[in-house]
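Note sheet for the following structure.
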Amino acid sequence: MYIFLRTILLVSLIGFYAPSSLAKLTIKITKGIEGTVPVAIVPFGWQGPAMKAPLDLATIINADLDSSGVFKTLSRRDMLTTPTKADQIRFRNWQALGQEYMVIGKVNEVSQDQYQIQFQLFNVYKGQQHLGYRFTTSKQNLRKAAHSISDKIYEKLTGKKGIFSSRIAYITTTALAKKQKLYELIIADADGSRPRRITASKEPLMSPAWSPDGKKIAYVSFENKRSAIYIQTLSNKKRIKVASYPRINGAPSFSPDGTRLALTLSKDGSPDIYILNLIDKSLFKLTKSFGIDTEPSWSPDGKTIIYTSDRGGKPQLYTISSSGGQSRRVTFDGDYNARGQFSPDGKSIAMVHANNGDYRIAVMDMASRSIDVLTAGRYDEAPSFSPNGEMILYASKKGRQHVLSAISIDGRMQRNLAFNKGEVREPAWSP
Amino acid sequence: MVTIELVFYYLGAKENRIPLFIISFLMGFQMSLNKIILFCVVCTSILSGCSSTEEKKQGLLNGADADASTSGYSDGSLLGGEEFGDNANVDALGLGPEFRDPNNPLSKGIIYFRYDSSQIKPEFVEVVAAHSEYLKNHPSRNVILEGHADERGSREYNIALGEQRAKSIARMMKIQGVNSRQLEIVSYGEEKPASDGMDETAWQLNRRVEVVYQGK
């Protein structure tokens, strides 16, 4: 009866907070340098019954490339012409504007809800095409198409994978009456557009973790007053409860092959790291210290797990083979090193690093063990690598407001992801 | 369904507190009458020993069916005032008058901790002992020991830290003879702060274990 009532409450609550009320996210570059590689994204041409294209692809591509910190884009106001075909380009004019690269394209509505997109990337000095694609998509996927064009351009010009098609997950909290809060797990595009609610609860939601294929999310929910870990499939919203042992069920982390989940349980005493086999449901206890062991994260090859432990008195990072064995302490600098996460190439780890009461995001090179402190906040936490390893997304505080920030791993570029209401925390960048 | 909300206002010292009953019909769901959700809001004001500043305190503690959230307690020992009233669910749960007597350690239902520590500070040993004694004498009473941490540092680590704190209390209570069946531990880490402040004064209030008595 009671559970039934709670379900009604939750459902009515979710119904009340319709998707339109989701906090809107906007990204501002707060630090650093503009990019140095000049590129002009010319407005795409349009052919169709309507006056203009349903979406201005060039604007989205422009914003993506701007946000990378690599490119310096040309304002439309400064363009002398807006060619949409290769033979319309006068490269000398673009050279005079100091451009190294330019992108042209067009969108044709070929039939009902079928849009043919074509784009080309040129080297302005050589007058040569670097890249050219033509493909067809639906209206609903036009934004996705723009992001994947950005990815292609970024990869061609930098040699690194673009991250504009990736997504971010995060938890928002909104104050309700009677000192209650609404917790929502949200997924949005990497540029903050298209926020979608994954789940909502009046009790805490924590620690979202992506499956390696990006199709599922694991998270911790206190919706039944006790912690439990759920894995939810994004396409159909179906979820399964994978851990609800007595006491802590926390810090889920998928293995790189997606078949296992590392997690923290305290059912047998102190919080320890366990590995749950998602296929045969077997549970394996990986660490056995008397202190706190938590926040496991897998190396990209699946062989090593990094985790936080206070067995030495203060929280520090340790590694252990994912099949068990001896733990090795890896951090020695600072009073507090926690929530380690391997970079996608496995060569470095991001962490929360505190000295003298300031909690900041740092990256440690695993070979040299040298630590670079990237941020200058006092409450920076929850670092998450972008899929190409170039940026780290993290939670921070601006005044009393919880915000998300992203910083490049060389520390040169920082952006704030600002929300128009509520608080936001615990970001997780998709694979 | 009828939800009866009982609101008590305690103003000033214990002898002149004024209970007000506000009964409101809140929601239209089906619910049996014995599943009444009780909300008790206890507002107390304490006079600081060295100034006349009034420190208003608010505690919200619910009965067995409602959300077990508590908030807004000010620790007198930190602010120079008098400790009183963190067991705001006293009346709703039918606990004895000793829980309302500010001179009785049972009136203190929150135990505070140092930064990144789950060691019980000497000044709280008496409080834990009083609750242990009560639980031994009332074997049908159960408590949830809710562990909390301040906001600094990573969230999952703080969940673990909150649990270590709650476990310290549970361990002492068991040593003092409490049956472990009467004790349940939940850690909320930094998710449910008592104070939203961003300084040591607030953080001190947030590093805590709340002894939350359950309905019989």
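Taken together, the values in this text are just the output of simple stated rules run on the coordinates, not laboratory data. Every value quoted in this text rests on a predicted model; they were computed, and no experiment measured them. No Cβ is skipped: glycine too gets one built from the backbone with ideal geometry, and neighbour counts run over all protein chains shown.
Assorted remarks:
- Placing pseudo-labels 7 Å out from each Cα toward the beta carbon at A:R76 and A:R400 gives an inter-label distance of 4.0 nm.
- For peptide A:245-252, the mean count of partner chain Cβ atoms within 10 Å of a residue's Cβ comes to 5.
- Shielding by partners - mean other protein chain Cβ count within 10 Å, residues of B:158-168: 6
- Neighbourhood net charge (10 Å Cβ-Cβ; Lys/Arg +1, Asp/Glu -1) for A:T287: +1
- For the residues of A:175-185, the average number of beta carbons from a partner chain within 10 Å of their own beta carbon is 2.
- Peptides A:248-259, A:37-48 ranked from most to least packed, by the mean per-residue count of other Cβ atoms within 10 Å: A:248-259, A:37-48.
- Cross-link check: pairs A:K24/A:K106; A:K288/A:K398; A:K161/A:K181 evaluated at a Cα-Cα cut-off of 32 Å; pairs beyond the cut-off: A:K288/A:K398; A:K161/A:K181.
- Among B:R165, A:R197, A:R247, the order by Cβ neighbours within 10 angstrom, fewest to most, reads A:R197, A:R247, B:R165.
- Net charge contributed by nearby residues that have their C-beta within less than 10 Å of A:R378 (K/R +1, D/E -1): +1
- Note on B:K136 and B:K174: their simple-model spin labels are 1.7 nm apart, each label 7 Å out from Cα toward Cβ.
- Counting other Cβ atoms within 10 Å as a rough exposure proxy, the listed residues B:H148, A:H402, B:H138 run B:H138, A:H402, B:H148 from fewest neighbours to most.
- Two-site label geometry, A:I279 and A:N224: point separation in nm, points 7 Å out along Cα→Cβ: 2.8 nm
- Relative contact order %, the stretch A:166-429, counting alpha carbon pairs below 8 Å whose residues are six or more apart: 12 percent
- Cβ-defined net charge surrounding A:N277, 15 Å radius [Lys, Arg +1; Asp, Glu -1]: +1
- Of the complete DSSP H runs in chain A, those spanning 20 angstrom or more by Cα along the long axis with a mean Kyte-Doolittle score not below 1.0 are A:2-16.
- Amide H contacts of A:Y336 (H built 1.01 Å from N, under 5 Å, at least 5 apart or other chain): A:A354
- Relative to the current alpha-carbon distance between A:K160 and A:V373, full extension at 0.36 nm per residue lengthens the span by 74.3 nm.
- Rounded FRET efficiency, nearest 0.05, which uses the C-beta distance separating A:Q95 from A:L176 and R0 of 60 Å: 0.55
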